Ligand SMILES: Nc1nc2c(ncn2[C@@H]2O[C@H](COP(=O)(O)OP(=O)(O)OP(=O)(O)O)[C@@H](O)[C@H]2O)c(=O)[nH]1
């Protein structure tokens with residue numbers, strides 16, 4: 001199961017209370033104040049961890065709750081601090097804080113006409129990066145802290161403050177190094193299956209790819225890159241037609257976009273206008289996404305008419321990198337691998 005957005009409840013520990021206590025010694029009927037401070041409440045911290053690639057763990061347990069700090073004790077003993085809780089997230093996780101403090105409140109807001117307010121508060125991309133999601137409560141002070149020259153028997157003490165608590169939404173944006181972008185039936189699933197060890201489902205009708213399939217493409221010397229096939233983009237996607245926004249949200253976290261174009265123009269399609277529509281959808285959704293590096297995979301070169309169409313296409317887009325292939329007949333795949341290796345492969349030694 002690939003979970004890429006989720007609602008979680010997080011609560012940091014409350015600070016422990018400071019206490020009132022008096023030193024008891026032989027022959028000292030009422031010793032000085034010795035009530036200790038409380039302990040810090042435990043923080044909730046998100047940490048970017050490469051060993052997780054989606055948010056599935058939170059699907060099963062959508063709660064992060066840290067320990068409260070313990071109360072202080074006599075003998076100026078400070079209460080134990082609450083342990084912090086670490087939530088692992090994959091690189092590419094965007095964190096939003098909502099205006100709800102309980103899950104029930106969040107659900108009610110979501111269903112209301114105004115909807116829920118979400119404020120993006122972190123964009124976690126670097127492995128090892130830490131983000132303080134909820135700060136633990138401050139400890140209260142024990143009465144020994146309040147002793148002064150004029151007040152030797154203070155009964156003042158303070159209570160710990162509550163830890164932060166809120167409902168957050170986590171969204172995973174990074175899917176893969178390269179994202180295959182194309183209309184349904186352009187041949188993305190077929191291509192990914194041939195390039196990688198993923199076993200994508202292939203069918204001859206639109207919208208069969210229900211979730212992103214990520215394949216790992218391996219090169220000699222342990223170099224590798226990941227390629228994602230996401231449900232086909234259709235015209236009007238930026239207006240959230242079809243699976244539009246789902247799709248576009250996924251590809252914002254690919255480093256390179258590979259436009260898979262059916263160069264044979266099957267089913268009455270026109271390769272030139274296919275690319276123009278795809279580029280336009282992406283630009284209208286997000287200007288920044290339109291500036292991502294991109295290349296063209298000219299697929300179905302085994303079919304009649306593809307070669308002629310490719311000539312027209314090249315003259316229309318003379319500056320764009322075009323890699324002609326046939327995913328079905330497995331031609332041109334070595335050239336494509338070479339491009340992936342040169343431009344995006346992850347090198348463990350780098
Ligand atoms: N002749 C030919 N047919 C191909 C080639 N690549 C894919 N096809 C066929 O095109 C059809 C669609 O291929 P898919 O790989 O399912 O296309 P897709 O882009 O993943 O489609 P969605 O999953 O709907 O987004 C299938 O019948 C494939 O066999 C090719 O290079 N040549």
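Nothing in this text is a laboratory measurement; each read-out follows from the coordinates by a stated rule. What you see is a predicted model; the values in this text were computed from it and never measured. As a convention, Cβ positions derive from the backbone with ideal geometry for all residues, glycine included, and neighbour counts pool all protein chains shown.
Values for this structure:
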item: Length added when fully stretched, residue 86-residue 99, from 0.36 nm per residue minus Cα-Cα; result: 2.4 nm
item: Among 16-26, 257-267, 101-111, the order from most to least packed when residues are scored by Cβ within 10 Å on average; result: 257-267, 16-26, 101-111
item: Residue 114/residue 312 FRET efficiency (R0 56 Å; Cβ-Cβ; nearest 0.05); result: 0.65
item: For segment 65-106, alpha-carbon Rg relative to the globular expectation (2.2 N^0.38 Å, N residues); result: 1.83
item: Cα gyration tensor shape of segment 85-141, rounded if a/c is under 1.5, else prolate or oblate by comparing a/b with b/c; result: oblate
item: Percent of C-alpha pairs per 5 Å bin, segment 1-121, short to long; result: 3, 10, 13, 15, 13, 11, 9, 7, 6, 4, 4, 3, 2, 0, 0
item: Theoretical gain in end-to-end length, residue 23 to residue 155 [0.36 nm per residue, Cα-Cα removed]; result: 46.2 nm
item: Relative contact order computed over segment 5-172 (Cα-Cα under 8 Å; 6+ residues apart), in percent; result: 37 percent
item: Antiparallel DSSP beta bridges within segment 5-172, percent to nearest 5; result: 75 percent
item: Between segment 267-293 and segment 115-153, the alpha-carbon center distance in angstrom; result: 47 Å
